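J.: Quick one: the structure is below, and I'll ask about it shortly.
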Amino acid sequence: MSRAGSSYDRLARWYRALELAAFGRDLERARFAFLGQLGECGSILLLGEGDGRCAQRLALIAPRSRIHCVDSSPGMIEWATRRIAATGAGSRVTFERADLRTFVPDPGSFDAVATLFVLDCFDAQGVESLVSRVSPGLRRRARWLFADFVLPPGALARARARAWLAVLYAYFRWETGLRVSALPPSEAILERAGWRRTAFLDLNRGFVRSAVFERAQEQPT
């Protein structure tokens, strides 16, 4: 669950521990699975970066990249800044406090964007809005890294996923004021917006997915 329009300050200190208790390292594996594809990027946008684990790993994988992290939680940004300071990459990593519901990057500013367990906190209209606002900020051959919960095929796996989602959404609604209560069709929205999935990895019995999207050769009209 992400930090879109909700207060995650109280969770900042315990976020990783809660995640590990619930899912082991599957969410970290999903975040990190395709970071290597960004190693040669000059500029990377991380939306809803949270406590900085992805930025920390990416700073090592992409030593020449400029990384811009956007999050709405001052507490998460504080923890992320500490992680980055430990890498010595502070001059290449910047942080911006902003609401992802209204954030707009400068046109053509980035070679890649990552939304890692972020889009699950939007409804379908919110995801469509974010994709339409962020896409112009990406250069022609940009990549979009995606990681999130998904509903897997198979009755038992899907029932398990729905039970977990009910628990997760109820918890984050209580803890942060999150208003969304169901997964949006994020991958379908990306594809309709002209992004083509080129690689993916499913974890946790198909409940967790990591994927890479690239711009389709023919853009939708």
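We did not get these values from a lab; they are worked out from the coordinates using the rules stated. Keep in mind it's a predicted model, so treat the numbers as computed, not measured. Note that we place each Cβ from the backbone using ideal geometry, even for glycine, and neighbour counts take in every protein chain shown.
J.: Counting pairwise Cα distances across the chain, what percent come out greater than 28 angstrom?
T.: 23 percent
J.: Same structure again: Classify the stretch 49-116 as rounded, prolate or oblate, taking a ≥ b ≥ c as the square roots of the eigenvalues of its Cα gyration tensor: rounded when a/c is under 1.5, otherwise prolate if a/b is larger than b/c and oblate if not. Don't skip to the end; give the middle numbers.
T.: Values: a/c = 1.97, a/b = 1.16, b/c = 1.69.
Oblate is the answer for the stretch 49-116, as a/c is 1.5 or above yet b/c matches or exceeds a/b.
J.: For residue 188 and residue 139, FRET efficiency with R0 = 41 Å and r from the beta-carbon atoms, rounded to 0.05?
T.: 0.95
J.: Using label points projected 7 Å from each Cα along Cα→Cβ, tell me how many nm separate residue 109 and residue 125, to one decimal.
T.: Label at residue 109, label at residue 125, 2.6 nm between them.
J.: The chain: longest stretch without exposed trypsin sites (Lys or Arg not before Pro) (DSSP loop, at most 15 other Cβ within 10 Å), sites themselves excluded? Don't skip to the end; give the middle numbers.
T.: Working: sites that count: 13, 25, 64, 101, 179, 205.
By the stated rule (loop sites, at most 15 other Cβ atoms within 10 Å), 102-178.
J.: Where both residues lie in the chain, what percent of DSSP beta bridges are antiparallel, nearest 5?
T.: For the chain, the DSSP antiparallel bridge percentage is about 45.
J.: Another question, if that's okay. Where does the stretch 136-187 land on Rg/Rh, using Cα atoms and the Kirkwood Rh?
T.: 1.12
J.: At what distance in nm do the modelled label points of residue 91 and residue 158 sit from each other, each positioned 7 Å from its Cα along Cα→Cβ?
T.: The modelled label-to-label distance comes out at 5.4 nm.
J.: How large is ³J(HN,Hα), in whole Hz, for each residue of the stretch 188-202 in order, when computed from phi with the Karplus curve 6.51 cos²θ - 1.76 cosθ + 1.60 and θ = phi - 60°, using x for Gly and Pro?
T.: Computed from phi, the couplings for the stretch 188-202 are 5, 5, 4, 5, 5, 7, x, 9, 10, 6, 10, 7, 7, 9, 9 Hz.
J.: Hey, can you grab everything whose amide H is under 5 Å from the amide H of residue 69? Only 5+ residues off in sequence or another chain; H modelled, so Pro and N-termini drop out.
T.: Amide H neighbours of residue 69: 46, 94, 95, 96.
J.: Shifting gears a bit: Which longest uninterrupted range of the chain lacks any GluC sites (Glu not before Pro) assigned by DSSP to a loop state (not H, G, I, E or B) and surrounded by at most 16 other Cβ atoms within 10 Å?
T.: Answer from the scan: 41-217.
J.: Let me ask something else about it. Taking the Cβ-Cβ separation of residue 201 and residue 64 as r and a Förster radius of 25 Å, what is the calculated FRET efficiency to the nearest 0.05?
T.: 0.45
J.: I've got another one for you. Rounded, prolate or oblate, given the Cα gyration tensor of the stretch 108-221, with a/c below 1.5 counting as rounded?
T.: Prolate shape, in that a/c is at least 1.5 and a/b is the bigger ratio.
J.: Fewest to most neighbouring Cβ within 10 Å: what's the order for 109, 135?
T.: 109, 135
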